[in-house]
1. Mind listing just one residue for me: the one in the stretch B:16-49 that is assigned to a loop (DSSP other than H, G, I, E, B) and in contact with a helix residue (DSSP H, G or I) (Cβ under 9 Å, 6 or more places away or on another chain) and, of those, farthest from residue B:65 (Cα to Cα)?
2. Output the residues belonging to the stretch B:110-125 that are closer than 21 Å to residue B:99 by Cβ and either more than 7 Å from chain A (Cβ to nearest Cβ) or outside any helix (DSSP H, G or I) (or both).
3. Criterion first (at positive phi, surrounded by 17 or more Cβ atoms within 10 Å (Cβ to Cβ) and without any contact (Cβ under 8 Å) to a residue 60 or more places away in the chain) does residue A:271 satisfy it?
4. Taking the stretch A:152-167 as the region of interest, how many residues are surrounded by fewer than 24 Cβ atoms within 10 Å (Cβ to Cβ) and either within 8 Å of another protein chain (Cβ to nearest Cβ) or in contact (Cβ under 8 Å) with a residue 40 or more places away in the chain (or both)?
5. Collect the residues in the stretch C:160-173 that are surrounded by fewer than 23 Cβ atoms within 10 Å (Cβ to Cβ), more than 8 Å from chain A (Cβ to nearest Cβ) and either more than 19 Å from residue A:122 (Cα to Cα) or out of contact with any strand residue (DSSP E or B) (no Cβ under 6 Å at 6 or more places or on another chain) (or both), keeping them in residue-number order.
6. Within the bounds of the stretch C:139-146, is there any residue that is away from chain A (no Cβ under 14 Å), farther than 15 Å from residue C:73 by Cβ and within 19 Å of the chain's Cα centre (by Cα)?
7. Quick test for you: out of A:199, A:175, A:204, pick the one residue that is more than 7 Å from chain C (Cβ to nearest Cβ) and either under 30 Å from residue A:140 (Cα atoms) or assigned to a helix (DSSP H, G or I) (or both).
8. Please count how many residues of the stretch A:60-89 are away from chain C (no Cβ under 13 Å) and surrounded by fewer than 19 Cβ atoms within 10 Å (Cβ to Cβ).
């Protein structure tokens with residue numbers, strides 16, 4: 001080792017003092033990988049044995065996928081509000097009493113419908129859905145503004161209200177059902193179930209392997225992100241931050257390629273020659289049959305309601 | 001004894017790079033415990049990949065179980081599957097080796113490729129998990145496991161095929177001392193009771209006496225610098241210095257600073273005038 | 001960009017599944033043939049990479065942030081067919097494991113983000129990058145433009161899917177069953193958002209990541225996994241030209257099928273009057289603007305030709321299609337020229 005330069009001493013603070021402004025790291029950099037914590041928690045959750053996930057967790061993935069997807073399709077077919085509301089209620093009941101980790105689904109089950117509701121509000125106005133005005137918001141006076149015709153008034157219409165309510169309810173029903181399926185089924189069971197339902201095993205294997213390495217990549221991403229954060233002092237400007245983010249992604253891609261190459265070697269080393277062989281599926285139990293039957297009956301009932 | 005591997009003048013280079021192995025000639029007999037020793041980048045890992053039929057010699061001849069290893073030979077039955085069953089490769093990065101959604105499927109992967117009967121596969125999977133004491137992990141996904149557990153599962157995924165030879169790439173790297181000890185004990189057991197051939201690539205001299213009777217030393221010129229019994233290799237300080245496996249190292253003992261060639265075997269004792277003896 | 005469940009009616013999401021089925025089959029064959037034993041891990045890691053890319057917040061001038069989809073980036077790195085598989089898998093895992101995105105809308109989302117986006121983006125990239133070396137500036141500028149074009153094409157397609165819902169699906173009382181906003185609202189809303197914000201993010205991410213890799217590890221860009229053009233195979237522009245020519249020749253089908261079936265116009269070909277009827281809510285001024293803008297060929301055929309027989313109309317269709325293609329090709333050509341000039345300037349100075 002050469003001799004230490006004279007400034008490399010704990011007492012030296014000369015350069016640090018040049019930073020006058022308080023550290024200001026932009027929100028974007030700090031937030032960085034906002035979603036990571038939630039995803040990591042969800043993945044860890046999968047370590048729990050199936051039996052510790054409530055009765056819904058014990059239902060075979062094939063039965064859950066079949067049953068819940070059937071209801072999901074039905075919710076895209078019905079035209080009245082009652083079956084949609086019923087469906088939202090049923091999904092919440094499953095989430096609350098099925099033994100699901102409710103914290104994991106509550107956000108999605110509330111946030112997405114809320115977003116759709118916000119999006120649906122303008123659809124209730126007469127400018128989008130014509131109808132009898134129920135509540136007049138303001139008088140616009142009509143006439144033309146540039147090329148656009150300005151309506152007489154801005155009002156919530158009866159038809160508009162119905163359209164908006166149906167749109168928001170339908171979205172809520174769909175999202176709740178999908179969330180219940182996601183939260184009550186461990187990835188490994190889901191993939192097995194999909195294979196059992198006839199999804200090509202190459203596709204399932206890619207999806208399973210993706211989920212397997214998601215955790216590894218997310219940790220890498222976090223590591224890269226933290227390394228970046230620990231070195232950022234003052235405001236660095238948007239362009240610099242963009243270059244950083246891109247360098248992080250590029251680095252992540254390099255790592256994912258390395259992992260992919262090693263995995264390919266590990267697979268070949270254990271005899272993989274391009275054909276995918278998997279273990280057979282378990283038997284259907286009475287619980288699974290009952291669940292599917294229940295879903296079919298419920299779906300048929302919804303359809304009968306309109 | 002039968003030859004498991006037979007290398008004759010084998011060279012290998014990654015496309016567009018300097019050769020990472022030059023003119024390697026050696027053989028490995030059944031039941032032997034061989035270590036491949038070398039500094040980082042000396043070609044240890046390349047050598048293991050060549051032995052496992054993942055890379056193929058650009059010049060020279062690699063034979064395994066009497067058969068020449070070519071891209072075609074390792075894929076075509078009957079030799080291909082048989083070779084894959086006989087040779088197990090424990091990768092340095094356990095994460096790369098554990099690519100299935102659960103431990104059970106991980107262990108079943110190899111046997112499924114061999115086309116074994118499902119009942120037989122499940123029986124062997126159960127037995128292997130029991131042998132390594134990891135039955136409780138059967139239903140778990142590999143990513144929440146500790147690094148020691150991952151290593152065990154990776155090893156189990158090879159043992160379930162009942163291999164003849166295990167190729168181990170830095171097997172103890174990244175393991176805590178307790179897991180290291182367990183792994184070494186297990187490998188010793190497998191060799192003693194099962195007659196398994198072990199080939200271990202490492203730069204850890206401390207590991208050497210536990211896993212090998214014979215050492216192949218790779219120099220930084222990517223050639224085999226020596227091929228000799230373990231005790232003799234560990235005693236030859238000049239040789240180890242020349243291939244960069246040990247280095248002159250400065251110590252501070254109390255108020256005294258001194259230098260001596262340093263090798264990281266488990267303990268070494270030395271005395272200096274006036275000070276009491278101590279070990280590292 | 002992710003279309004949630006409940007926004008699209010069954011006619012639309014089933015049609016999207018119908019279009020995706022052959023695309024998936026073809027893509028997996030293509031990938032299997034080129035990647036052989038490596039296909040599963042490469043696709044899996046590609047999908048995981050796409051998933052993580054969607055979680056990176058990227059700042060844009062003005063204080064907001066957005067995230068990229070990454071489909072064009074994956075297409076550049078792994079090839080467009082591999083991108084079809086990788087992005088589809090990423091979307092499937094998102095929908096099924098995290099309840100995010102859509103299950104019924106999965107086909108539609110794949111059509112937009114796993115087919116339209118990677119292919120338009122990749123074609124743009126290849127055409128602009130030409131044979132430039134992996135580390136040239138032209139490469140990453142081409143990648144940025146590709147990302148921008150790809151994302152906006154996907155957004156336009158999504159907006160179109162939203163926009164046709166009120167016309168396609170309404171109850172007996174004429175009330176929209178699914179997404180209530182017609183084309184006149186959905187298209188501008190999506191277009192503005194994506195042209196100004198998300199398109200920029202996508203361009204920045206695609207361009208800068210390609211720039212980073214071209215500096216640090218050009219082999220990942222050069223070798224990639226895209227199969228090298230087979231000796232004797234058609235060069236890319238010829239393939240593209242053939243595809244476009246086929247599309248131009250097929251356009252009359254869009255005219256004939258509805259005429260034969262007595263249905264309305266083909267999707268996406270509505271003039272002002274049909275739009276008004278479909279969306280129902282079109283401001284009256286649209287007619288005026290249409291008159292102001294007055295495209296040289298309103299309704300794809302000159303005035304007077306509208307009453308002509310179907311074969312004549314078909315001829316006009318082909319002609320206007322060809323003219324449109326020429327215009328786009330001209331723009332791309334000019335961009336290429338401009339870029340290669342800049343490059344030679346760079347080398348000269």
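1. B:16
2. Within the stretch B:110-125, B:111, B:115, B:116, B:121, B:122, B:124, B:125 qualify.
3. Judged against the criteria, residue A:271 is a match.
4. 3
5. C:160, C:167, C:168, C:169, C:172
6. Taking every residue of the stretch C:139-146 in turn, none turns out to be away from chain A (no Cβ under 14 Å), farther than 15 Å from residue C:73 by Cβ and within 19 Å of the chain's Cα centre (by Cα).
7. Being more than 7 Å from chain C (Cβ to nearest Cβ) and either under 30 Å from residue A:140 (Cα atoms) or assigned to a helix (DSSP H, G or I) (or both) holds for just one of A:199, A:175, A:204, which is A:204.
8. 4
The values are calculated or read from the model by the stated rules, or taken from the named source; none is laboratory data. Just so it is clear, the structure is predicted and the values come from calculations on it, not from any experiment. Please note: Cβ atoms are built from the backbone with ideal geometry, for glycine as well, and neighbour counts cover all protein chains shown.
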